[in-house]
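One structure is given below, encoded as structure tokens.
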Amino acid sequence: MGIFRYTASADNTITNAFTSNLLETGRGTGSNMGYADALEVFSIYGQASSSTGQTQELTRALINFSTTTIAADRTAGKIPASGSVSFYLRMFNARTPFTLPQDFTLVVAPVSRSWVEGTGLDMDEYKDDGKSNWVSASTTTAWTNVGGDYRTGSNYNVTFAQGYEDMELDVTELMERWLASEFTNYGFGVRLTASQEAYYSGSTGVDSGSIIQNTDGATESYYTKKFFARSTEFFFKRPVIEARWDSRISDDRENFYYSSSLAPSLDNLNTLYFYNYVRGRLVNIPTVGTGEIYVSFYSSSNSAPTGSALKLSVGGNVAAALDTNATGGYVSTGIYSCSVALTAASTPFALVHDVWSNYSGTVEFYTGSVYPELMPTYDSAPTFERITSCKNLRKKYSGTDTARFRFFVRNKNWSPTVYTVSTTNNPTDIIPSASYAIYRVTDNYGAIPYGTGSDLSTYLSYDKEGNYFDLDMSLLERDYMYEIRLAYYNDSIGSWQEQPQTFKFRVEE
């Protein structure tokens with residue numbers, strides 16, 4: 001499972017905008033909108049005139065997420081260590097009947113002071129006062145600067161060409177700083193750039209009450225951009241921090257090929273895994289821990305290894321066969337892997353045993369087996385058409401479940417022999433590059449879109465039983481039916497191909 005979401009723990013809109021009387025004494029600077037169902041960012045220039053020129057009205061959004069929860073999940077192994085996971089701030093556009101600004105940029109900056117969300121709802125008359133607002137971070141503490149206090153040097157800029165776009169921002173660097181306690185997490189502030197917030201120049205050259213001195217500001221208005229807030233009724237529109245990582249296990253035990261001089265060295269490597277289950281749970285081998293483990297290979301036609309250990313190709317280079325030990329490493333709790341290349345030698349298609357042990361070979365932990373195949377060759381450009389079925393799909397799942405979905409894949413034109421028909425455990429095709437997406441059936445909403453970008457967050461794993469992925473059902477809204485869609489990467493055409501088969505299930509309480 002390479003994706004997890006953390007919903008905002010607090011959010012608010014703060015403003016110095018006029019109330020309906022358009023008087024300087026009627027600004028909504030004390031208003032609190034901490035429980036409204038939307039967050040709003042706008043700038044209005046010149047709605048009224050004053051002795052100092054055209055007026056300025058601004059709103060900014062504040063939003064926070066619990067890094068304590070994220071840190072606890074990292075400690076528990078639910079998300080990877082720093083460097084192996086990316087964090088994205090995702091906020092979703094809320095449609096309004098008002099004018100939508102275009103070609104504007106929002107600044108996302110870390111807030112530098114603690115603030116209190118509050119429970120205000122009124123985003124029109126600004127009558128709900130208290131807690132955090134334009135001038136105060138709480139009922140007892142004022143901001144140092146009106147409009148909120150923000151750190152500099154850790155800002156992000158997000159450009160909106162049409163205006164209605166959602167926000168998807170990589171905030172990994174900032175999240176890791178918060179998690180490492182380099183500075184305290186007070187959340188994000190979201191505002192227009194200084195050049196797009198409204199112009200104001202006071203005679204004293206500084207802020208005037210609730211109005212921000214901004215001599216580089218805009219003399220046009222940007223009204224209004226809204227995002228759904230955490231209290232929205234729409235489950236998938238709540239602002240979230242989305243953790244994404246490549247969680248694939250690519251176990252070539254059923255996809256093991258002999259080295260070929262036609263293949264680059266890296267493509268000659270095969271990765272094997274050893275899963276140390278003890279009483280039904282994965283645990284580290286006490287004498288290995290997170291250290292190295294060693295693997296030897298033996299050719300045999302029997303159920304046990306015989307003869308001398310096979311020579312292994314170094315780095316996948318078929319011209320080099322120098323060592324009889326492969327050095328494996330720790331993957332995660334109880335899981336170890338190694339990557340090796342083997343030449344066909346004089347016994348192609350023979351049974352090969354992999355023996356996992358300590359360095360001296362005096363303690364053997366596990367003996368497995370693989371049936372290597374020769375690397376396939378083609379006399380024409382291949383066309384891959386496959387049929388996929390989900391081997392363990394259930395009709396419904398609890399919202400607290402974490403489910404593993406396993407798939408059986410075969411060529412569309414597969415012609416089994418009498419032997420394969422009579423064999424209960426027919427081998428499945430392994431798809432090295434496969435991705436999943438989850439859609440809500442009722443409206444075709446992409447609850448989890450394909451994650452085939454740099455994070456590879458929705459790639460399928462594979463092992464000797466075929467392709468699979470794990471899914472935490474808390475990512476999905478309950479009492480709806482969902483559909484799994486699969487896409488396989490076809491190297492022969494350099495493109496992803498969505499498969500025609502889909503798999504439906506329902507999430508309930």
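Every number in this text was worked out from the coordinates using simple rules, so none of it is lab data. None of these values were measured; they are calculated from a predicted model. Glycine gets a Cβ as well: all are built from the backbone with ideal geometry, and neighbour counts include every protein chain shown.
Any idea what diffusion coefficient segment 143-243 gets from Stokes-Einstein, in µm²/s, Kirkwood Rh on alpha carbon pairs, 37 °C, 0.692 mPa s?
Values: Rh = 16.4 Å.
For the chosen part, D equals 200 µm²/s.
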Environment charge of LEU471, counting only residues whose C-beta is closer than 11 Å and scoring Lys/Arg +1, Asp/Glu -1: -2
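Evaluated at 4 °C with a viscosity of 1.567 mPa s, what Stokes-Einstein diffusion coefficient in µm²/s does segment 190-231 have when Rh comes from the Kirkwood expression over alpha-carbon pairs? Provide the component values of the computation, followed by the final result.
Numbers: Rh = 11.7 Å.
The Stokes-Einstein estimate is 111 µm²/s.
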Under the Karplus curve 6.51 cos²θ - 1.76 cosθ + 1.60, θ = phi - 60°, whole-Hz ³J(HN,Hα) for segment 207-223, x wherever Gly or Pro sits: 4, 10, x, 8, 9, 8, 4, 8, 6, 9, x, 8, 10, 9, 9, 10, 9
Cα-based Rg / Dmax (Å) for segment 110-191: 14.8, 41
Long-range HN-HN contacts of SER208 with modeled amide H, under 5 Å: GLN213
Residue order, fewest to most beta carbons within 10 Å, for TYR462, TYR450, TYR275: TYR275, TYR450, TYR462
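By counting other Cβ atoms within 10 Å of each Cβ, how are THR67, THR172, THR139 ranked from fewest to most? Walk me through the numbers before you get to the answer.
Details: THR67 22, THR172 17, THR139 13.
Fewest-to-most Cβ neighbours within 10 Å comes out as THR139, THR172, THR67.
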Under-5 Å amide H pairs with ASN270, H placed in peptide plane, nonlocal only: VAL340, ALA341
For segment 240-301, size of Cβ-based charge dipole, Lys and Arg +1, Asp and Glu -1, in debye: 280
Whole-number D in µm²/s for segment 320-410 (Stokes-Einstein; Kirkwood sum over Cα pairs; 10 °C, 1.306 mPa s): 88
Per-bin percent of Cα-Cα distances, the chain [10 Å]: 4, 16, 22, 19, 15, 11, 8, 4, 1, 0
In segment 224-292, GluC sites (Glu not before Pro) in a DSSP loop with at most 11 other beta-carbon atoms within 10 Å: GLU233
Those lysines that a straight Cα-Cα span of less than 30 Å connects to LYS127, excepting residues fewer than 8 apart in one chain: LYS225, LYS226, LYS237
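Rule-of-thumb check for segment 3-244: C-alpha Rg over 2.2 N^0.38 Å? Don't skip to the answer; put the middle values down first.
Working: Rg = 17.7 Å, N = 242, 2.2 N^0.38 = 17.7 Å.
Normalised by 2.2 N^0.38 Å, the Cα Rg of segment 3-244 equals 1.00.
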Positive-end extreme of charge dipole, the chain - chosen from PHE505, GLY307, MET167 (charges on Cβ): GLY307
For PHE503, distant residues with modelled amide H under 5 Å away: ILE484
The chain: calculated mean residue ellipticity at 222 nm from DSSP helix runs of at least 4, using -39500 (n - 2.57): -1000 deg cm²/dmol
For the chain, with +1 on Lys and Arg beta carbons and -1 on Asp and Glu, the positive-most of TYR200, SER457, PHE104 along the dipole: SER457
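Tell me, MET33, MET91 in order of fewest to most beta-carbon neighbours within 10 Å?
Ranked by crowding around the Cβ, least crowded first: MET91, MET33.
With N residues in segment 354-488, what two-decimal value do you get for its Cα radius of gyration over 2.2 N^0.38 Å? Write out the running numbers ahead of the final one.
Values: Rg = 18.9 Å, N = 135, 2.2 N^0.38 = 14.2 Å.
Scaled against compact globular proteins, the figure is 1.33.
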